[in-house]
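See below for the structure under consideration.
The values are calculated or read from the model by the stated rules, or taken from the named source; none is laboratory data. Just so it is clear, the model here is predicted, and its values are computed rather than measured. Backbone-built Cβ (ideal geometry, glycine too); neighbour counts: all protein chains shown. Keep in mind that these areas ignore ligands, DNA and RNA; they rest on the heavy atoms of the full protein, side chains included. Shrake-Rupley method; radii C 1.70, N 1.55, O 1.52, S 1.80 Å.
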Amino acid sequence: MPGLAEAWTLSPLVLVPLLLFAGLYGRGLWRLWAGGHAGRGISRPQALAAAAGVLALLLATVWPFDALGDWSLAAHMAQHMLLLAVAPPLLLAARPRAALAAALPAAGARALHAVARACAVPMLRSLAAATLANVAVMWGWHLPAALALALASEPVHWLMHGSFLGAGLWLWTLLWQRLRDDASGGALAGAVAIVAVMMQMGFLGALLTFSRRPLYPHYAARAPELGLDVLLDQQLAGLVMWVPACLPYLAGAVWLLAREFARPRRAG
């Protein structure tokens, strides 16, 4: 049972790509801002978003939520919501492609753009498919049997976390595209997708919050070792999903709707 000082997960599966991304982003930012041109290519708020996104990933996968998530369902839920709802919009707001293209040599930048173009297939551009993927990972991995399997197997454990982050990046990529797109109805479709995801998060959060019995035997055995009441821990997990995790989606929906309503004025 780890305390906060011992709640570290130092896995190369996480640390290597995270440090590589942070290093390349920093190198690209230094090149773009060289010569006293701070804000060129990537603004200061966007650079701060990159730092916040990396911090969210560190909290979710390195310290403390990954280690504590083996003992507390609330910590486990906080980890999932950081991966699904917090880190993706922050990282995408940071214009990572611009930073990485500036950091890489010319051949690497061309390869990066080629990969981005190759990913622009109809399936990956489908907002409905991305929405369904987000709903599927939320409900699928929080089924008691699936969660028990992930907690018992290290490969499945990291597959679960990767699917949360991947689904979040997929949906938020399409939402950011709609924020930049002036086409009629694009922002409205994004807002509808956000509301659909928020509704499912609310349903699952309410199920955890109002259940009168423990739903996960793993945490029923382990939460008391942290001094937590099992049902209180489960209720807190439901509230994490129900309230704070919905705030990024709510902000995105308001932004998309404001853009859609302002479109006729811009056209005029």
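Computed quantities for the displayed model
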| read-out | value |
| --- | --- |
| So Arg125, is it surrounded by 12 or more Cβ atoms within 10 Å (Cβ to Cβ), at positive phi and among the charged types (D, E, K, R) | no |
| Any hit, the stretch 94-106, residues being out of contact with any Leu (no Cβ under 8 Å at 6 or more places or on another chain), assigned to a helix (DSSP H, G or I) and surrounded by fewer than 17 Cβ atoms within 10 Å (Cβ to Cβ) | yes |
| Residue that is modelled with the lowest pLDDT, among those in the stretch 34-49 that are of a type outside the set (Gly, Ala, Ser) and either open to solvent by less than 40 Å² (accessible area, probe 1.4 Å) or in a loop (DSSP other than H, G, I, E, B) (or both) | His37 |
| Subset of the stretch 20-47 that is in contact (Cβ under 8 Å) with a residue 24 or more places away in the chain and of a type in the set (A, V, I, L, M) - its residue that is nearest to Pro105 (Cα to Cα) | Leu24 |
| Qualifying residue in the stretch 204-215 (condition: surrounded by 14 or more Cβ atoms within 10 Å (Cβ to Cβ), touching a Pro at 6+ places or on another chain (Cβ under 9 Å) and at pLDDT 95 or above) | yes |
| Among residues of the stretch 186-230, those that are outside any helix (DSSP H, G or I) and either within 15 Å of Leu147 (Cβ to Cβ) or in contact with a helix residue (DSSP H, G or I) (Cβ under 6 Å, 6 or more places away or on another chain) (or both), counted | 4 |
| Sole exception among (1) in a helix (DSSP H, G or I); (2) under 30 Å from Val230 (Cβ atoms); (3) in contact (Cβ under 8 Å) with a residue 24 or more places away in the chain; (4) open to solvent by 50 Å² or more (accessible area, probe 1.4 Å) for Trp63, by number | (1) |
| Condition check for Leu232: under 12 Å from Leu73 (Cβ atoms), surrounded by fewer than 20 Cβ atoms within 10 Å (Cβ to Cβ) and either touching a strand residue (DSSP E or B) at 6+ places or on another chain (Cβ under 6 Å) or modelled with pLDDT of 90 or more (or both) | yes |
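For every residue, the table says whether it meets (1) at pLDDT 95 or above; (2) over 18 Å from Ala87 (Cα atoms); (3) not β-branched (Val, Ile, Thr).
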position: Ala7; (1), (2), (3): no, yes, yes
position: Pro12; (1), (2), (3): no, yes, yes
position: Leu18; (1), (2), (3): yes, no, yes
position: Gly28; (1), (2), (3): yes, yes, yes
